[in-house]
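S.K.: Please see the structure below; I have some questions.
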Amino acid sequence: LGLLYQEYRDKSTREEIETRRLQDSQTDPEETSPSEETPSEAEPTSTTENKAPPQFNLLRNSNSRFNLWQDLPEVQNSGVLSILQPDEIKLQEAMFELVTSEASYYKSLNLLVSHFMENERLKKILHQSEAHILFSNVLDVMAVSERFLLDLEQRVEENIVISDVCDIVYQHTVNHFSVYITYVSNQTYQERTYKQLLQDKPAFREVISQLELDPKCKGLSFSSFLILPFQRITRLKLLVQNILKKVEEKSDRESTALDAHKELETVVKACNEGVRKMSRTEQMISIQKKLEFKIKSVPIISHSRWLLKQGELQQMNGPKTSRTLRTKKLFREIYLFLFNDLLVICRQIPGDKYQVFDSAPRGLLRVEELEDQGQSLANVFILRLLENADDREASYMLKASSQSEMKRWMISLAPNRRTKFVSFTSRLVDCPQIQCVHPYVAQQPDELSLELADVLNILDKTDDGWIFGERLHDQERGWFPSSMGEEILNPKIRAQNLKECFRVHKSDDSQRRKLGSRNRQ
């Protein structure tokens with residue numbers, strides 16, 4: 001396999017986007033079958049409904065070195081393509097894709113180790129502790145990938161028609177994939193150390209630049225190699241999801257795929273928690289140092305507490321009836337720190353400090369949008385504290401800087417309120433969907449990072465270009481710019497996406513109930 005994993009992944013997700021665009025443009029019911037599946041990495045789609053095996057045209061360029069199962073000479077010469085049903089061929093491609101993508105991933109890991117980590121010049125520049133933080137346990141990760149790949153290849157070689165791969169995924173996830181948690185949990189230290197080395201050590205910067213220019217790297221950056229394990233473990237879960245969508249319902253292969261997916265989901269969640277844990281702790285310590293309590297002090301630092309949103313809003317001065325729109329100081333600045341279980345209301349004071357004058361448990365907050373009353377009261381909402389720091393009810397009239405900022409605050413403060421398109425507890429409503437065509441990295445705690453080809457339900461949107469969405473494959477929610485995606489207009493495709501989402505999670509009833517609730521960062 002000639003492609004590095006970064007190339008492989010980018011090419012495959014873009015093909016997935018194009019395939020979904022084609023499906024979305026087919027408005028004739030005869031053109032889009034309810035059984036049509038969203039492709040995995042590099043998996044083409046056929047819309048023919050006859051018994052002959054579908055003819056795939058995607059990725060046939062011989063220069064791409066991007067192989068399909070049915071393109072293997074052994075498969076073509078065996079005659080199985082004329083025997084297998086189209087759905088089984090699609091399943092074979094999905095399983096083969098998991099194998100070939102692992103081979104590409106192992107190739108990239110090997111390059112990270114041999115080309116960067118074991119470079120003699122780099123070894124002399126880096127202190128042992130710096131090298132350890134930068135490369136972590138990548139040798140363990142590569143050894144696990146090699147063992148995994150060997151078992152997958154052995155299965156493929158057993159029979160031209162692949163029996164299953166999810167049983168192998170399950171065994172390796174349970175017994176070996178904990179190395180991913182160790183590697184990914186180090187990500188915050190890794191990024192910080194890399195930036196510091198680039199800044200403080202010109203020799204390091206020079207060597208890395210030279211190594212990146214080597215044709216082996218194909219123009220890819222050193223940092224793109226460092227992040228490979230996190231990208232892979234996440235993508236592996238999606239590849240198993242894609243197999244799960246194609247296996248026969250209530251079959252042994254479905255049961256195996258569900259087991260593998262459940263274990264992978266556990267590892268991915270542990271990876272995410274590992275990344276968040278350190279950054280959250282540091283952030284909470286930093287916030288605690290900035291707060292001065294005018295009221296009874298509330299301990300901020302807690303292992304079960306993290307920041308959801310912070311920022312400045314305008315508070316209306318005095319009772320609404322005593323003010324006119326001509327009043328110069330109709331509003332004054334306040335600053336909010338919203339945690340997953342607590343709201344702290346402050347005023348900024350000199351020295352980068354904040355004086356706390358009220359607080360309330362997050363579960364005792366209610367919000368209400370103010371009806372449009374002219375420009376001065378645009379983007380204004382009411383925040384009610386059912387029980388504040390003085391054990392009484394309090395109300396604040398708050399003005400945001402834009403419509404999107406107002407909606408983001410309202411949803412963060414009261415997450416169970418109904419959104420524009422669908423309630424948080426119902427999946428019976430056909431709400432808009434969007435697929436990501438540009439990757440996005442979250443800039444704020446209430447935002448959602450997006451990968452190419454992610455599909456999301458649109459729960460709310462603003463006139464100034466922001467969308468509040470829920471990603472289907474993991475139910476994570478957050479805000480992102482609308483320019484990052486394209487709306488899926490075909491209702492049949494939207495319905496199929498939701499159906500697939502339910503099927504993937506049907507093995508866990510509690511997970512199914514959580515499909516409509518917030519899986520918070």
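Please treat every number below as a calculation from the coordinates, not as lab data. None of these values were measured; they are calculated from a predicted model. Quick reminder, even Gly has a Cβ in these numbers, built from the backbone with ideal geometry, and neighbours come from all protein chains shown.
S.K.: Quick check on my link table: of K245/K407; K237/K461; K246/K461, which ones sit more than 31 Å apart, alpha carbon to alpha carbon?
M.R.: Values: K245/K407 35 Å; K237/K461 29 Å; K246/K461 33 Å.
As for pairs spanning more than 31 Å Cα to Cα, those are K245/K407; K246/K461.
S.K.: Compare the peptides 282-290, 234-242, 335-343, 98-106 by average per-residue count of other Cβ atoms within 10 angstrom and give them in order, highest first.
M.R.: Final packing ranking: 234-242, 98-106, 335-343, 282-290.
S.K.: Still on this structure, I have one more. Calculated FRET efficiency, E74 and A143, Cβ-Cβ r, R0 30 Å, to nearest 0.05?
M.R.: 0.55
S.K.: With a point put 7 Å past each Cα toward its Cβ, work out how far R121 is from S401 in nm, to one decimal.
M.R.: If labels sit at R121 and S401, their model points lie 4.4 nm apart.
S.K.: Could you compute the net charge surrounding I334? Neighbours are other residues with a C-beta less than 10 Å from the C-beta of I334; K and R count +1, D and E count -1. Working shown, then result.
M.R.: Numbers: positive: R332, R347; negative: E312, E333, D358.
Result for the neighbourhood of I334: -1.
S.K.: For S129 and E157, what does the FRET efficiency come to when R0 = 41 Å and r is the distance between their Cβ atoms, rounded to the nearest 0.05?
M.R.: 0.40
S.K.: For the range 66-286, what number results from the quotient of the Cα radius of gyration and 2.2 N^0.38 Å?
M.R.: Ratio of Rg to 2.2 N^0.38 Å for the range 66-286: 1.17.
S.K.: Treating only the Cβ of Lys, Arg, Asp and Glu as charged (+1, +1, -1, -1), what charge dipole size does the range 66-286 show about its Cα centre? Round to the nearest 20 debye.
M.R.: Using Cβ point charges on Lys, Arg, Asp and Glu, the range 66-286 gives about 1180 debye.
S.K.: Under 5 Å between amide hydrogens, which residues at least 5 positions from K309 or on another chain qualify, with H placed 1.01 Å from N in the peptide plane?
M.R.: It is L338, by chain and number.
S.K.: Here is a further query. Which FRET efficiency value, to the nearest 0.05, is calculated for S449 and R192 with the Förster distance at 25 angstrom and r the Cβ-Cβ distance?
M.R.: Working: r = 18 Å, r/R0 = 0.73.
Efficiency computed from Cβ-Cβ geometry: 0.85.
S.K.: Using 7 Å Cα-to-Cβ label points, what is the V298/L81 separation (nm, one decimal)?
M.R.: 6.5 nm
S.K.: Tell me, what is the Rg over Rh of the range 197-318, with Rh the Kirkwood radius over Cα pairs?
M.R.: 1.17
S.K.: For E387 paired with R21, estimate the spin-label separation in nm (one decimal), with each label point 7 Å from Cα along the Cα-to-Cβ line.
M.R.: For E387 paired with R21, the spin-label model returns 5.5 nm.
S.K.: What length, rounded to one decimal in nm, is gained on full extension from D252 through to Q171, with 0.36 nm per residue of separation minus their alpha-carbon distance?
M.R.: That pair, D252 and Q171, stretches by 27.6 nm at full extension.
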